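Here the structure comes first, spelled out in structure tokens, and everything after it is commentary.
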């Protein structure tokens with residue numbers, strides 16, 4: 001009853017390293033006088049003891065402490081079904097949708113001076129060769145870890161630190177890996193332009209904007225800049241609409257670097 005669930009998990013993890021097997025004994029008073037929350041913490045520690053059990057411990061900790069009921073049902077139930085990261089993503093998207101559509105007037109003052117946000121994330125797909133080669137980073141586990149780190153990265157300063165670390169540990173970065181790293185600033189630029197999906201395929205860039213029902217977006221500065229770019233480069237741009245979804249196709253985009261340059265150019269244009 002003196003420690004939280006995460007603290008108990010950390011204490012247990014301090015024993016045993018590599019080939020050294022060890023045991024952690026947690027001494028507790030008789031179970032009956034313990035609070036319900038304390039008993040649930042003990043049950044969680046007993047149940048989740050395998051490698052990689054941290055996410056299950058975190059889910060149980062949320063359930064025991066309580067973390068609200070923001071989506072209208074038991075929170076832990078959603079997390080169990082979707083996974084913690086997916087749940088967080090859906091929650092963020094739902095809150096952003098409410099703030100921009102249903103309660104746009106309410107949050108006008110809060111958003112003054114801030115960059116407008118219309119999407120919580122941008123999905124990027126490509127038929128280009130974007131990877132960390134095995135002859136550059138030989139260990140498969142290390143490569144997977146680097147892929148995950150890139151996927152979770154958002155701040156541009158973290159990209160520079162990641163690049164420096166790769167150079168320091170593995171030498172000059174191959175072109176296919178340099179292009180892969182540029183996905184991070186590309187995704188950031190796309191999100192700020194209200195782009196939900198971005199595809200780089202067959203030498204073209206496909207930009208899919210937020211739902212047509214989101215009138216706030218189509219009157220925004222971000223979309224005004226996109227329109228300006230389309231008018232300036234009408235020979236390489238095609239606008240399409242299908243089932244209420246608008247998309248823009250831009251020709252002659254042979255690399256991630258080129259795609260990033262285009263989005264950076266759009267950001268620099270005045271809105272019309």
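Counting every alpha-carbon pair across segment 225-264, the share separated by more than 15 Å comes to 44%. Here residue 261 and residue 58 are evaluated by their C-beta separation; at R0 = 35 Å the FRET efficiency comes out at 0.30. Computed from the C-beta positions of residue 221 and residue 40, the FRET efficiency with R₀ = 35 Å rounds to 0.10. Placing dummy labels 7 Å off each Cα toward the beta-carbon, the span from residue 89 to residue 152 is 1.4 nm.
Every read-out reported here was derived from the displayed coordinates using simple, explicitly stated rules and does not represent laboratory data. From a predicted model like this one, the values you see are computed outputs, not experimental measurements. Don't worry about glycine lacking a Cβ; one is built from the backbone with ideal geometry, like all the others, and counts go over all protein chains shown.
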